[in-house]
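Reviewing the structure listed below.
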Amino acid sequence: MNFNLLNKVIAGIVFIISFIVLFMTVQPSVSFWDCGEFIAASVSLQVPHPPGTPFFLLLGNIFSKLPIGENLGFRVNLISVISSALSILLIYLIAVKLIENYKGKKVNN
């Protein structure tokens with residue numbers, strides 16, 4: 001098995017494990033601070049407060065329409081789960097590229 005395929009398999013495993021752990025710990029409803037405001041604003045596509053975070057509100061509106069879970073807060077909180085799992089995946093892939101560059105191996109795009 002070559003290292004490029006191995007790194008892709010490990011990256012997939014890292015994503016799945018991080019997604020499962022984050023999914024198990026996601027807030028099942030509205031939590032404190034600005035969460036309720038952002039959930040209410042994303043469902044109705046309103047501006048919560050400046051600067052408004054338009055991309056999060058658009059994603060929140062899409063996620064609020066998913067037929068997953070009973071609570072609207074849970075569905076919008078899934079944005080954090082997916083974005084955090086993707087961030088962990090990207091950190092792993094960047095670390096692999098940095099280590100390959102440090103060792104002097106050729107990096108394949």
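Among the residues of segment 50-81, those identified as out of contact with any helix residue (DSSP H, G or I) (no Cβ under 7 Å at 6 or more places or on another chain), exposed (fewer than 15 other Cβ atoms within 10 Å of the Cβ) and either farther than 18 Å from V30 by Cα or not basic (K, R) (or both) are P50, P51, G52, P54, F55, L58, I62, P67, E70, N71, S80.
Among the residues making up segment 13-43, a single one is among the aromatic types (F, W, Y), under 15 Å from I79 (Cβ atoms) and surrounded by fewer than 17 Cβ atoms within 10 Å (Cβ to Cβ): F23. Test S18 against the criterion of being in contact (Cβ under 8 Å) with a residue 40 or more places away in the chain, part of a helix (DSSP H, G or I) and hydroxyl-bearing (S, T, Y), and give yes or no. Judged against the criteria, S18 is a match. Looking at segment 93-103, is at least one residue touching a helix residue (DSSP H, G or I) at 6+ places or on another chain (Cβ under 8 Å), among the aliphatic types (A, V, I, L, M) and free of Cβ contacts under 8 Å to residues at least 24 places away in the same chain? No, every residue in segment 93-103 fails to be touching a helix residue (DSSP H, G or I) at 6+ places or on another chain (Cβ under 8 Å), among the aliphatic types (A, V, I, L, M) and free of Cβ contacts under 8 Å to residues at least 24 places away in the same chain.
Throughout, read-outs are computed from the coordinates displayed, never taken from laboratory work. Since this is a predicted model, take the numbers as computed values, not measurements. Cβ sites come from the backbone with ideal geometry, for glycine too, and all protein chains shown count toward neighbours.
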